[in-house]
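Below: the structure, in structure tokens.
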There are 2 protein chains.
Amino acid sequence: MKNKDIQLVREFNRFYTGIIGLLDEHIFQSPYSLPEARVLYELHHQQPCSATELVQIIGMDKGYLSRVVNGFEKKGLITRRRSKKDARSTSMALTSKGEKEFALIDQASAAQLTNLLSFLSPSKMKDLLVHMTEIKKLLTKRN
Amino acid sequence: MKNKDIQLVREFNRFYTGIIGLLDEHIFQSPYSLPEARVLYELHHQQPCSATELVQIIGMDKGYLSRVVNGFEKKGLITRRRSKKDARSTSMALTSKGEKEFALIDQASAAQLTNLLSFLSPSKMKDLLVHMTEIKKLLTKRN
DNA sequence: TCCATTTAGTTGATTTTGTCAACTATTTTT
DNA sequence: AAAAATAGTTGACAAAATCAACTAAATGGA
């Protein structure tokens with residue numbers, strides 16, 4: 001593997017880290033922290049699910065997650081009930097209020113990205129997607 | 001702009017955030033924190049430079065940077081001297097020890113990436129670089 | 001020149017974020 | 001039934017980041 005190649009990939013990584021940082025900024029104007037937003041996102045997509053599942057997906061400390069999730073419950077964003085199969089674990093899901101909050105963040109995030117990409121012509125946008133798709137394919141090992 | 005397009009870009013962003021997170025992990029085995037490593041990186045590339053310059057480039061709080069940089073000085077990684085033109089600002093540069101530390105981190109980082117990409121054939125590697133270059137072009141506004 | 005304003009950097013206080021280990025209550029294994 | 005493993009909680013702490021007040025120097029007028 002060529003050294004120069006690695007340097008170029010690193011340069012792209014630095015570049016894209018900046019882009020992602022830019023996009024994460026919108027969260028600072030919301031009442032949720034980045035990790036909270038991430039939990040909300042995964043809850044939306046995984047529900048119903050247990051804390052352990054979220055820990056595995058997000059790679060977050062379980063103690064930390066426990067607090068985040070307790071906060072959500074206090075705010076009425078989620079419901080929790082003990083699993084009947086395994087009384088150690090709880091089954092979590094977003095309440096309609098939780099879904100609303102998620103939708104708010106999610107839409108703001110999409111809007112921010114839309115804005116960031118607004119200068120792209122439809123054809124350039126298509127190109128962008130092709131490149132992204134290809135990178136994802138290339139970096140997802142199995143084949 | 002199509003809604004679906006935005007969703008796809010967001011999916012790529014999530015995917016790539018994971019990749020970058022994976023790569024950042026190597027830092028946890030080094031005696032430097034992520035922000036310290038970042039400062040070291042920028043010092044290496046910008047030196048000689050002032051704290052204000054680093055603040056602008058990295059987008060870091062100046063108080064925070066001040067502490068990081070003071071720590072570096074105590075460890076003998078950098079030298080500082082008052083600028084003659086403007087006695088408020090200091091001109092910083094890496095010492096040879098600082099350069100050595102930077103090189104260690106930098107090489108470890110490159111090695112980690114090399115490892116991550118080791119399964120790519122030379123031709124796939126070339127493809128990857130093409131896509132990255134194109135994305136960078138597309139997202140760098142001016143033209 | 002003098003004075004007000006701006007700028008570079010430091011410091012203390014505080015908040016936010018994340019980590020770790022101990023602990024309870026269950027479940028699984030043997 | 002005892003031992004080991006697992007889910008989640010909690011307290012203590014450490015690391016990362018923010019903010020405002022402060023010193024010292026520079027700058028831009030009146």
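The values are calculated or read from the model by the stated rules, or taken from the named source; none is laboratory data. Since the model is a prediction, treat every value here as computed from it, not as a measurement. Reconstructed Cβ throughout: ideal geometry from the backbone, glycine too, with neighbour counts over all protein chains shown.
At a glance:
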{"quantity": "Test set (1) within 14 Å of chain B (Cβ to nearest Cβ); (2) more than 17 Å from the chain's Cα centre (by Cα); (3) of a type in the set (A, V, I, L, M) - residue A:37 fails condition number", "calculated": "(2)"}
{"quantity": "Among (1) more than 7 Å from chain A (Cβ to nearest Cβ); (2) among the β-branched types (Val, Ile, Thr); (3) within 30 Å of residue B:77 (Cα to Cα), the one test that residue B:114 misses", "calculated": "(1)"}
{"quantity": "Qualifying residue in region B:52-70 (condition: of a type outside the set (S, T, N, Q), in contact with a helix residue (DSSP H, G or I) (Cβ under 6 Å, 6 or more places away or on another chain), surrounded by 13 or more Cβ atoms within 10 Å (Cβ to Cβ) and at pLDDT below 90)", "calculated": "no"}
{"quantity": "Some residue of region A:46-58 being out of contact with any Gly (no Cβ under 7 Å at 6 or more places or on another chain), in a helix (DSSP H, G or I) and within 13 Å of chain B (Cβ to nearest Cβ)", "calculated": "yes"}
{"quantity": "Restricting region A:1-45 to residues that are within 16 Å of DNA strand D (Cβ to nearest atom) and assigned to a loop (DSSP other than H, G, I, E, B), the residue that is surrounded by the fewest Cβ atoms within 10 Å (Cβ to Cβ)", "calculated": "A:31"}
{"quantity": "Candidate set from region B:77-104 (those that are modelled with pLDDT of 95 or more and assigned to a loop (DSSP other than H, G, I, E, B)); member that is nearest to DNA strand C (Cβ to nearest atom)", "calculated": "B:77"}
{"quantity": "Test: residue in region A:77-87 that is within 11 Å of another protein chain (Cβ to nearest Cβ), surrounded by 14 or more Cβ atoms within 10 Å (Cβ to Cβ) and among the polar types (S, T, N, Q)", "calculated": "no"}
{"quantity": "Subset of region B:35-82 [within 19 Å of residue A:14 (Cα to Cα) and β-branched (Val, Ile, Thr)]", "calculated": "B:39, B:55, B:57, B:58"}
{"quantity": "Complete set of residues in region A:33-57 that are of a type in the set (Asp, Glu) and within 13 Å of DNA strand C (Cβ to nearest atom)", "calculated": "A:36"}
{"quantity": "Candidates B:138, B:129 - the one that is in contact with a Leu (Cβ under 7 Å, 6 or more places away or on another chain), among the aliphatic types (A, V, I, L, M), at the interface with chain A (Cβ under 7 Å from one of its Cβ atoms) and over 26 Å from residue B:27 (Cα atoms)", "calculated": "B:138"}
{"quantity": "Neighbours by Cβ (under 7 Å, 6+ apart or cross-chain): first from region B:58-73, in contact (Cβ under 8 Å) with a residue 40 or more places away in the chain and more than 6 Å from DNA strand C (Cβ to nearest atom); second part of a loop (DSSP other than H, G, I, E, B) and not small (Gly, Ala, Ser)", "calculated": "none"}
{"quantity": "Whichever residue in region B:90-107 is touching a residue at least 12 places away in the same chain (Cβ under 8 Å) and either on the phi > 0 side of the Ramachandran plot or surrounded by fewer than 15 Cβ atoms within 10 Å (Cβ to Cβ) (or both) and, among such residues, is nearest to the other protein chains (Cβ to nearest Cβ)", "calculated": "B:104"}
{"quantity": "Single match in B:68, B:55, B:39 (criterion: among the β-branched types (Val, Ile, Thr), in contact with an Asp or Glu (Cβ under 7 Å, 6 or more places away or on another chain) and closer than 30 Å to residue B:84 by Cα)", "calculated": "B:68"}
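Results for (1) of a type outside the set (D, E, K, R); (2) over 30 Å from residue A:25 (Cβ atoms), shown as yes or no for each residue.
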| site | (1), (2) |
| --- | --- |
| B:37 | yes, no |
| B:40 | yes, no |
| B:43 | yes, no |
| B:50 | yes, no |
| B:58 | yes, no |
| B:67 | no, no |
| B:73 | no, yes |
| B:81 | no, yes |
